[in-house]
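Shown next, in structure tokens, is the structure this report addresses.
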Amino acid sequence: MNKFKKITSSSMFLPLFALGILLLFNIVFVNDFLAISMENGHLYGRLIDILSRSSSLIILSLGMTFVIATSGIDISVGAVVAISAAICCMLIGGRGDGIPEHPMILAMLAGIGIGVICGIWNGLLVSKIKIQPVVATLILMVAGRGIAQLLTQGQIITVYYKPFSYIGANIPGSILPTPIFIAALMVLLVILILKKTSLGLFIQSVGINPTASRYAGINVVLIIFLVYAFSGFCAGVSGLIESSLIRAADANNAGLNMEMDAILAVALGGTLLSGGKFYIGGSIIGAITIQTLTTTMYAIGVSSDQLPVVKAITVIILCLVQSKKFQTVFNSWKNKRQSQKVVDRT
Amino acid sequence: MGDTILKMRHIDKIFPGVKALSNVDFNLQSGEVHSIMGENGAEKSTLIKVLTGVYPRNNGTVTLYDKEIFPKTPKEAQTLGISTVYQEVNLCPNLSVAENIFIGREPRKFGFIDWRQINKRSQELLHTFNIDIDVTKTLDNFPVAIQQMIAIARAVEIDAKILILDEPTSSLDEEETKRLFTIIRELKKRNMGIIFISHFLEQIYELCDRITILRNGELVGEYITTELPKVELVAKMVGKDLDSVKEFDKAAAKSIPSDQLFLEANNINCIGKLNQMDLTIHKGEVIGLAGLLGSGRTETAEILFGINQINKGELKIHSDKVQLSNPMKAMQKKIAFCPEDRKLQGIIGDLSVRDNIILALQAKEGMFRHIPYQKQVMLADDCINLLKIKVSDREQLIKNLSGGNQQKVIIARWLITEPELLILDEPTRGIDVGTKSEIQKMAVTLAKTKGMSVVFISSEMDEMIRTCTKLIILRDHKKVAEIENEEISSENIMKAIAGGEN
């Protein structure tokens, strides 16, 4: 019993529990959900698909977790994804004969680089100029897609250079899709940062009490600046995956609404939007949960127009289950019913 | 004194892993001021919180006017007639004074909030307290003392039968305290029952009719103030004899400063905060900054720690000219600072005791020189043992500790950075007698054994007299006097603060 309590009170329990229920639903209702097959040296299957498709969201939610832990928010990441995608595709170029205008590695670095620059911009606005995070990142959220449009001159640049598609799909000879590796690398990077530096402690400290953090010698401005820059970096990396998936830079649709999904993933993972303690593992599970939900809905035939409704309902349920208040209300209701039963029996 | 209006019987309160209150009784009569006293962690606040519905009780009964009550929220308690003014002012600094007084029960007119009436009634109410201010201004325009009065006014306005004052005087100066006492006596005449919690013994003896003493969450007893000598009271609170406290009064216990200069400030100036101040701090010296609230004590400390910058004059440390443009610069010069407002400037509430202890050291070492977990544990455990910090374990959240233990954690945070100058700004405010003398002793011991310089800031003259070898008296952001060694006495300090002429 005690062990059970220990498990249920762990910060990872609820996110995992929610994901578990979703997966169970899938196993029961979706044909061949667990089936994984091997074709041409690649693994195929719904599970692989979910992992692969959730990769860019996982990456975004890594950056978002840090931002939210400092009690900030970054709603520009979706737009930054579009900018990163635009730069990358533009540099490779849309030549029909599949010859790149610039080396792909350069284009990729530029895509990530522009993400970092966007992050630095956000970071400066929030940390130095002290604009409220929502307002500061709103600027890029609104302007970002315009910038991406300018870069692509209003066109959808389609890239015919073959290796570019490897980022979003499989590198020849690799069993698993590339996004999974990229996401794994990013997670590893974050774990490394958290284990080897004190950034995690400082971020939490700043999120809980910025004044006391300053009085303890922490450079609060720098910490806040860093988390936004890192969030931009994550968005830059995501941009590469998103553009490679469709082999094009679509300024209007690349990364659309992804900022909301990322925030949701962080919230589902148990990190409070008011800042403070954060749970990277929870955020990753949250991101996978959201993608599982989307895949499930498509699999059981919900059209993409209706998807948001189903998503909303599921999210409400998930949030309710996680809410402390709801738990206490639910428990007291249960107790009352139980005692009622006892009374009835006697 | 009238009838017993409030009876608390056999109160138990259990927190996960800790029995906070066990079998505590408490009685309150109408028209009396009743003090609850106890050391740090005696769970006075918990008892109050059980009464006001912040925590539900696990066992026992609370009866108000012979009716058992179960307040679940402070608001419910308020409706029942139990109002509280907490240790830290619990108002909204960004709302107007009038809004703060009427928040949650605004008078309405046609369904809309009747602002004119709110403002008018607030003005009248505060006038009865001799406070005449613009009630439409936001609260943060006023000093803490006024805010405190406003909090009390708010409680009175609710038409409370029981008023709980939790450390109401800790941020008030003498004049303001007197004013508050007048108000309390007036409320007493109106047959209100008042629970008064304070660490100032003199105030308790001046004001209270009865005293209930708690120790470690258990009832020690209920006494009539006039029949309980102070020494006995302290002995009952601490649960041990007072030789250790008395011993400390000997002048010989003080630290003798060396000739070596640690810090020298020449004519430093900070607009609106400090005017032309000279200051020298020697190694191993315990130096006191005295003066009324807002006289420039904290401001001086903040300049020395790089929170505010000087715009004139020069600062020298070890005879080198320095510029302390931020706290980190000061920390690199081996200066440490325990700020005045523990809750806001000191603790990181949701982090563990261990994290809170290593925070400053980690910041000083830098982000990339992460202190290994094993070493963190060692440092934290050493501090907990050395300073006798009462925690269930080192991973306990600091916000769940009592004020005195929180303060010890903050001091520990700075001690492990091995400072040469330790600035303690009101380190004993809101802390029980036992811990108070521990902290005073610590300041002197550090200076004596480690040659550390200590700047001690306090509103309590006694502890300054006991610990410091030099006192700087400030008034209106200016240094007005310097008192050394044998000349340090309450009389001389008072004279200096008052004007020095007579």
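Does at least one position in region A:252-270 carry a residue that is within 14 Å of chain B (Cβ to nearest Cβ) and open to solvent by 10 Å² or more (accessible area, probe 1.4 Å)? There is at least one residue in region A:252-270 that is within 14 Å of chain B (Cβ to nearest Cβ) and open to solvent by 10 Å² or more (accessible area, probe 1.4 Å). Looking only at region B:317-331, residues that are outside any loop (DSSP other than H, G, I, E, B) and either surrounded by fewer than 15 Cβ atoms within 10 Å (Cβ to Cβ) or more than 9 Å from chain A (Cβ to nearest Cβ) (or both) come to 5 in all. In this structure, B:Leu207 does satisfy being touching a strand residue (DSSP E or B) at 6+ places or on another chain (Cβ under 6 Å), within 25 Å of B:Ile497 (Cβ to Cβ) and crowded, with 20+ Cβ neighbours inside 10 Å. Residue by residue through region B:474-502, note down the ones that are within 24 Å of the chain's Cα centre (by Cα), modelled with pLDDT under 85 and either under 19 Å from B:Asn267 (Cα atoms) or buried (at least 17 other Cβ atoms within 10 Å of the Cβ) (or both). Hits for region B:474-502 are B:Arg475, B:Asp476, B:His477, B:Ile493, B:Ile497.
In region B:222-239, what count of residues is obtained for those that are outside any helix (DSSP H, G or I) and either in contact (Cβ under 8 Å) with a residue 24 or more places away in the chain or open to solvent by 10 Å² or more (accessible area, probe 1.4 Å) (or both)?
The first filter runs over region B:222-239 and keeps only residues outside any helix (DSSP H, G or I), leaving B:222-224, B:228-229, B:239.
Pick out the ones that are also either in contact (Cβ under 8 Å) with a residue 24 or more places away in the chain or open to solvent by 10 Å² or more (accessible area, probe 1.4 Å) (or both) and you get B:222-224, B:229, B:239.
Number satisfying all stated conditions: 5.
Quick check on B:Leu471: is it within 15 Å of the chain's Cα centre (by Cα) and modelled with pLDDT of 85 or more? No, not satisfied. Would you say A:Leu201 is touching a helix residue (DSSP H, G or I) at 6+ places or on another chain (Cβ under 9 Å), within 7 Å of chain B (Cβ to nearest Cβ) and farther than 17 Å from A:Ile120 by Cβ? In short, yes. Every condition in (1) surrounded by 12 or more Cβ atoms within 10 Å (Cβ to Cβ); (2) within 14 Å of chain B (Cβ to nearest Cβ); (3) of a type outside the set (A, V, I, L, M, F, W, C) holds for A:Thr289 except the one numbered (2).
Only helices (runs of 4 or more DSSP H) wholly contained in region B:105-197 count here; list those with 2 or more residues that are at pLDDT 85 or above.
B:115-128, B:174-189
Being in contact (Cβ under 8 Å) with a residue 12 or more places away in the chain, open to solvent by less than 10 Å² (accessible area, probe 1.4 Å) and farther than 27 Å from B:Gly221 by Cβ is a property that holds for B:Ile101.
Pairs meeting the criteria (first residue in region B:196-217 and closer than 15 Å to B:Ala235 by Cα, second residue among the polar types (S, T, N, Q), beta carbons under 6 Å, at least 6 apart or on different chains) are B:Ile211/B:Ser35; B:Ile211/B:Thr225.
Per-residue answers, yes or no, for (1) among the basic types (Lys, Arg); (2) surrounded by fewer than 24 Cβ atoms within 10 Å (Cβ to Cβ); (3) under 17 Å from A:Ala262 (Cα atoms):
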{"site": "A:Ala69", "(1), (2), (3)": "no, no, yes"}
{"site": "A:Gly72", "(1), (2), (3)": "no, no, yes"}
{"site": "A:Val77", "(1), (2), (3)": "no, no, yes"}
{"site": "A:Ala82", "(1), (2), (3)": "no, no, yes"}
{"site": "A:Ile87", "(1), (2), (3)": "no, no, no"}
{"site": "A:Arg95", "(1), (2), (3)": "yes, yes, no"}
{"site": "A:Ile105", "(1), (2), (3)": "no, yes, no"}
{"site": "A:Gly111", "(1), (2), (3)": "no, no, no"}
{"site": "A:Gly115", "(1), (2), (3)": "no, no, yes"}
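A quick yes/no check of all residues on (1) more than 25 Å from the chain's Cα centre (by Cα); (2) closer than 30 Å to B:Thr136 by Cα:
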{"position": "B:Asp3", "(1), (2)": "yes, no"}
{"position": "B:Leu6", "(1), (2)": "yes, no"}
{"position": "B:His34", "(1), (2)": "no, no"}
{"position": "B:Tyr86", "(1), (2)": "no, yes"}
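Test B:Ala301 against the stated conditions and say whether it is at the interface with chain A (Cβ under 9 Å from one of its Cβ atoms), open to solvent by less than 40 Å² (accessible area, probe 1.4 Å), of a type outside the set (Val, Ile, Thr) and within 23 Å of B:Gln406 (Cβ to Cβ). Judged against the criteria, B:Ala301 is not a match. Criterion first (more than 13 Å from the chain's Cα centre (by Cα), within 14 Å of another protein chain (Cβ to nearest Cβ), in a helix (DSSP H, G or I) and of a type outside the set (Val, Ile, Thr)) does A:Phe278 satisfy it? So A:Phe278 fails the test.
Can you find a residue that is open to solvent by 30 Å² or more (accessible area, probe 1.4 Å) and in a strand (DSSP E or B) anywhere in region B:445-456? Looking through region B:445-456, none of the residues is open to solvent by 30 Å² or more (accessible area, probe 1.4 Å) and in a strand (DSSP E or B). Considering region B:369-379, and only residues there that are touching a Leu at 6+ places or on another chain (Cβ under 9 Å) and not in a helix (DSSP H, G or I), the residue that is least open to solvent (accessible area, probe 1.4 Å) turns out to be B:Ile371.
Picking from residues in region A:208-231 that are part of a helix (DSSP H, G or I), open to solvent by less than 10 Å² (accessible area, probe 1.4 Å) and small (Gly, Ala, Ser), the one that is farthest from the other protein chains (Cβ to nearest Cβ) is A:Ser231.
Is one or more of the residues making up region B:415-436 of a type in the set (Asp, Glu), open to solvent by less than 20 Å² (accessible area, probe 1.4 Å), modelled with pLDDT under 95 and over 29 Å from B:His282 (Cα atoms)?
Taking region B:415-436 first, the residues of a type in the set (Asp, Glu) are B:418, B:420, B:425-426, B:432.
When the remaining residues are screened for being open to solvent by less than 20 Å² (accessible area, probe 1.4 Å), the result is B:425-426, B:432.
Narrowing further to those that are modelled with pLDDT under 95: B:425-426, B:432.
Those left that are additionally over 29 Å from B:His282 (Cα atoms): B:432.
Yes.
The residue list B:Lys75, B:Lys137 contains one member that is loosely packed, with under 14 Cβ neighbours inside 10 Å and in contact (Cβ under 8 Å) with a residue 40 or more places away in the chain, which is B:Lys137.
Mind listing just one residue for me: the one in region B:334-376 that is more than 9 Å from chain A (Cβ to nearest Cβ) and either free of Cβ contacts under 8 Å to residues at least 24 places away in the same chain or touching a Cys at 6+ places or on another chain (Cβ under 8 Å) (or both) and, of those, nearest to B:Pro143 (Cα to Cα)? It comes out as B:Ile357. What is the residue count in region B:265-307 for residues that are over 26 Å from the mean Cα position of the chain (by Cα) and part of a helix (DSSP H, G or I)? Within region B:265-307, residues that are over 26 Å from the mean Cα position of the chain (by Cα) and part of a helix (DSSP H, G or I) number 0. In the set (1) part of a helix (DSSP H, G or I); (2) buried (at least 23 other Cβ atoms within 10 Å of the Cβ), B:Leu471 fails one condition alone, (1).
One residue stands out in region B:380-392 among those that are more than 14 Å from every other protein chain (Cβ to nearest Cβ) and free of Cβ contacts under 8 Å to residues at least 40 places away in the same chain: the one that is most open to solvent (accessible area, probe 1.4 Å), namely B:Leu386. Of all residues in region A:41-55, those that are open to solvent by less than 80 Å² (accessible area, probe 1.4 Å) and assigned to a helix (DSSP H, G or I) total 8.
Scan region B:26-50 for residues that are within 15 Å of B:Asn216 (Cα to Cα) and in a strand (DSSP E or B) and the total you get is 3. Only one entry of A:Thr296, A:Thr271 meets the criterion of being assigned to a helix (DSSP H, G or I) and in contact (Cβ under 8 Å) with a residue 12 or more places away in the chain, and that entry is A:Thr296. Please indicate, with yes or no, whether at least one residue in region A:159-173 is in contact with a strand residue (DSSP E or B) (Cβ under 6 Å, 6 or more places away or on another chain), at pLDDT below 95 and at negative phi. Taking every residue of region A:159-173 in turn, at least one turns out to be in contact with a strand residue (DSSP E or B) (Cβ under 6 Å, 6 or more places away or on another chain), at pLDDT below 95 and at negative phi.
The values are calculated or read from the model by the stated rules, or taken from the named source; none is laboratory data. Note that the structure is a prediction, hence the values are computed from the model and not measured. Positions of Cβ are backbone-derived with ideal geometry, glycine not excepted, and every protein chain shown enters the neighbour counts. Ligands, DNA and RNA are stripped out before the accessible areas are found, and what is left, the full protein with its side chains, is counted by its heavy atoms. Shrake-Rupley method; radii C 1.70, N 1.55, O 1.52, S 1.80 Å.
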